[in-house]
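The structure appears right after this line, and notes come after that.
The values are calculated or read from the model by the stated rules, or taken from the named source; none is laboratory data. Predicted model, so just to flag it, every value in this text is computed and none were measured. Every residue, glycine among them, receives a Cβ derived from its backbone with ideal geometry; neighbour counts consider all protein chains shown.
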Amino acid sequence: MQLQQRLTEIDLDAYFQRIGYSGDCSPRLTTLQAIHQRHSQTIAFENLNPLLKQPVKLDLASLQQKLINEGRGGYCFEQNSLLRAV
């Protein structure tokens with residue numbers, strides 16, 4: 001169960017640091033708009049994995065590793081899945 005929990009939760013502090021967001025975290029439209037803006041300005045679109053014949057993994061742990069921890073960009077599905085988890 002602990003493994004399942006780790007794979008379904010996102011490290012919001014690391015994500016906010018990655019996108020440079022230090023604003024309010026309450027669930028409001030203005031918060032979502034600010035996070036969305038920072039996300040799209042900070043995490044680039046990148047489709048290198050298919051060109052390098054590497055798999056595009058869409059599980060949350062892989063997305064966090066690639067887009068947050070490694071500081072890379074992502075494919076549209078990766079970007080949207082990460083933002084949805086946030």
From the option list 67, 82, 63, single residue qualifying as touching a His at 6+ places or on another chain (Cβ under 9 Å), modelled with pLDDT of 95 or more and in a helix (DSSP H, G or I) is 82
Taking region 9-43 and the residues there that are out of contact with any helix residue (DSSP H, G or I) (no Cβ under 9 Å at 6 or more places or on another chain), assigned to a loop (DSSP other than H, G, I, E, B) and farther than 15 Å from residue 85 by Cβ, the one that is modelled with the lowest pLDDT would be 26
Looking across region 8-36 at residues that are closer than 22 Å to residue 63 by Cα and among the small types (Gly, Ala, Ser), the single one that is nearest to the chain's Cα centre (by Cα) is 14
If you go through 49, 80, the only one that is surrounded by fewer than 16 Cβ atoms within 10 Å (Cβ to Cβ) and without any contact (Cβ under 8 Å) to a residue 40 or more places away in the chain is 80
Scanning region 52-70 for residues that are over 13 Å from residue 15 (Cβ atoms) and of a type in the set (Lys, Arg), the one surrounded by the fewest Cβ atoms within 10 Å (Cβ to Cβ) turns out to be 53
